[in-house]
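The values are calculated or read from the model by the stated rules, or taken from the named source; none is laboratory data. In this text the structure is predicted, and so the values were computed from the model without any measurement. No Cβ is skipped: glycine too gets one built from the backbone with ideal geometry, and neighbour counts run over all protein chains shown.
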Amino acid sequence: MKTIQVVAAIIRDGDRIFATQRGYGDYKDGWEFPGGKIEPGEAPEQALRREIMEELDTEIAVGKHLITVEQDYPEFHLSMQCYWAAITEGKPVLKEHEAAKWLTLEELDTVAWLPADRVVVEKIRS
């Protein structure tokens, strides 16, 4: 089974966390933390800054590593490195996502998270 290496940003603003809804692909409409694939030769933090700029037209500061999720999907294995992040410049502009929300800890269960992202939500809570 093919492994896909990705990074995800857990973007915080005070007590709120940024969540995005996929606008394309097999998992369209599922909720996730924004990010994407790591390019060959790219450090995870570099990939995360690039992906957030591409997807949200926003600059972030990448913080501490939170969790690496290993998740099997029917077509592939996902290895997702998740980092805390904060917006340093701009406001998120949705270029690839259908919707986005700022959620408090109490509101995290109000969206339908994709399987790997559910693991991250549990980690955030702990």
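Examine the stretch 107-114 for a residue that is at pLDDT 95 or above, farther than 23 Å from residue 3 by Cα and touching a Ser or Thr at 6+ places or on another chain (Cβ under 6 Å), and state whether such a residue exists.
No, the stretch 107-114 contains no residue that is at pLDDT 95 or above, farther than 23 Å from residue 3 by Cα and touching a Ser or Thr at 6+ places or on another chain (Cβ under 6 Å).
Give the residue that is surrounded by the fewest Cβ atoms within 10 Å (Cβ to Cβ), with candidates limited to residues of the stretch 5-58 that are closer than 19 Å to residue 94 by Cβ and without any contact (Cβ under 8 Å) to a residue 24 or more places away in the chain.
25
Could you say which residue among 93, 69 is hydrophobic (A, V, I, L, M, F, W, C) and touching a strand residue (DSSP E or B) at 6+ places or on another chain (Cβ under 7 Å)? Let's see the steps before the verdict.
Working: 93 fails: touching a strand residue (DSSP E or B) at 6+ places or on another chain (Cβ under 7 Å).
Testing whether each residue is hydrophobic (A, V, I, L, M, F, W, C) and touching a strand residue (DSSP E or B) at 6+ places or on another chain (Cβ under 7 Å) leaves just 69.
Exactly one condition in (1) of a type in the set (D, E, K, R); (2) modelled with pLDDT of 95 or more; (3) not in a helix (DSSP H, G or I) is not met by residue 75; state its number.
Status for residue 75: all satisfied but (2).
Could you look through the stretch 78-99, keep only residues that are in a strand (DSSP E or B) and acidic (Asp, Glu), and pick out the one that is farthest from residue 31 (Cα to Cα)? Spell out the reasoning first.
Step one: filter the stretch 78-99 for residues in a strand (DSSP E or B), giving 78-89, 97-99.
Next, only the ones that are acidic (Asp, Glu) stay: 89, 98.
Details: 89: 24, 98: 10 Å.
The qualifying residue farthest from residue 31 (Cα to Cα) is 89.
Among (1) under 14 Å from the mean Cα position of the chain (by Cα); (2) not in a strand (DSSP E or B), which single condition is residue 103 missing?
Just one mismatch for residue 103, condition (2).
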